[in-house]
Amino acid sequence: MKHSISTARPLPSITLNDVGGLQEEMKEEILQTLSILKEPERSEKLGIKPPKGVLLYGPPGTGKTLLAQAITKELNANFFSTSGSAFNEMFIGVGAARIRSLFQAARKQKPAVIFIDEVDALAGKRKQHGGEEGEKTLTELLVQLDGGHDNDGILFIAATNRKDMLDEAFLRPGRIDFSFQVPLPDTKGRREIISIHAKGKQMAPDVLASLDGLAESTSGFSGAEISSLFETASRRALRGGQDMINKEDMDYAIDRTILGTSSRMLNDQ
Ligand code: ATP
């Protein structure tokens, strides 16, 4: 289903526990941020200003979008989302108008989270920015982020793979109050992500017994790649007429995922 960016998107019921591999410190900070946002009045009485904007940065497929969705669910908020790349090559004024209507729609449906993925395409350094139209869209985003009390009850979350590309004006506190790095998972993180994606899937005993080893042997895999590995294995099991994933399905899925990753790396070169 196609959504307009001014329409709240329905989300599956996910929680922070569905995001694996988060560093303890980061989890702690996110939980603190959530408790401030859940009780803005009490927080203000204690002199704590509720954060307005959060940046999630890290390599593709590490769960930034998933985390934004989990935060939205934890806040019981409406989710408005778009991608910075959707603003490329727009006619003069159209990008700015879309940003305005995105914020207006969210203000009508508070509490709300506005999520912009690939925000570097929208809030890149001005010098490198795509011409007059790109400049106008970014200026409008900054104006909307500075909306003062109109933005109470709205949390802005931006995600990028390229934090170094972002305009400093965009990163200013009051616009972006916290930046969280979401890196590729380490072995422990991959084990958590494996558990999340293995949940509810029937597996042969030798596959179940090999999940620790899988975490060890998938160094460099993102959460998205681990998720796709399990999907590939499930599909192969289905095609094979089985009702559980066996060792051959897993081996096939690992080979396919490694192949996909290496051909992507070759294409990126
Ligand atoms: P991009 O930078 O390419 O937009 P992203 O960091 O936003 O990627 P997601 O879109 O959140 O990554 O990840 C895609 C899917 O991969 C998720 O819906 C989820 O199924 C799985 N996944 C990714 N990271 C994790 C994680 N940390 N824990 C559990 N599942 C994950």
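Data overview
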{"item": "Residues of the chain: accessible area per residue with a 1.4 Å probe, Å²", "result": "53"}
{"item": "Proportion of all alpha-carbon pairs of the chain beyond 31 Å (%)", "result": "34"}
{"item": "The stretch 136-223: relative contact order in percent, alpha carbon pairs under 8 Å with at least 6 residues between", "result": "31"}
{"item": "Top of 48, 157, 116 by mean-square fluctuation, Gaussian network on the chain, Cα under 10 Å", "result": "48"}
{"item": "Selected from 59, 111, 84, residue furthest toward positive end of dipole (the stretch 54-112; charges at beta carbon)", "result": "111"}
{"item": "Cβ-defined net charge surrounding residue 107, 12 Å radius [Lys, Arg +1; Asp, Glu -1]", "result": "+1"}
{"item": "Amide H contacts of residue 78 (H built 1.01 Å from N, under 5 Å, at least 5 apart or other chain)", "result": "112, 113"}
{"item": "Farthest toward positive dipole pole in the chain [+1 Lys/Arg, -1 Asp/Glu at C-beta], among 14, 211, 240", "result": "14"}
{"item": "Top of 105, 237, 209 by mean-square fluctuation, Gaussian network on the chain, Cα under 10 Å", "result": "209"}
{"item": "Highest-MSF residue in the chain out of 110, 64, 52 [GNM, Cα springs under 10 Å]", "result": "110"}
{"item": "Positive minus negative residues near residue 146 (Lys, Arg vs Asp, Glu; Cβ under 12 Å)", "result": "+1"}
{"item": "Under 12 Å, Cβ to Cβ, from residue 34 - net charge with Lys/Arg +1 and Asp/Glu -1", "result": "-1"}
{"item": "Helix-only CD estimate at 222 nm, as mean residue ellipticity for the chain, using -39500 (n - 2.57) per DSSP H run (n ≥ 4)", "result": "-15000 deg cm²/dmol"}
{"item": "Accessible surface of the chain [probe 1.4 Å, protein heavy atoms]: carbon and sulfur percent", "result": "52"}
{"item": "Debye, to nearest 20: dipole size of the stretch 109-182, +1 on Lys, Arg Cβ, -1 on Asp, Glu Cβ", "result": "180"}
{"item": "Where labels lie 7 Å past Cα in the beta-carbon direction, separation of residue 195 and residue 164 in nm", "result": "3.5"}
{"item": "Nearest-20 debye value, the chain charge dipole, Cβ charges on Lys, Arg, Asp, Glu", "result": "680"}
{"item": "Axial C-alpha extent at least 18 Å, average Kyte-Doolittle at least 0.0 - helices from the chain (DSSP)", "result": "94-108"}
{"item": "Beta bridge orientation in the chain: antiparallel %, DSSP, nearest 5", "result": "10"}
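The values are calculated or read from the model by the stated rules, or taken from the named source; none is laboratory data. No experiment lies behind these values; they were computed from the predicted model shown. We place every Cβ from the backbone using ideal geometry, glycine too, and count neighbours over all the protein chains shown. For the accessible areas, the whole protein counts, side chains as well, though only heavy atoms, and no ligand, DNA or RNA atoms are used. Shrake-Rupley method; radii C 1.70, N 1.55, O 1.52, S 1.80 Å.
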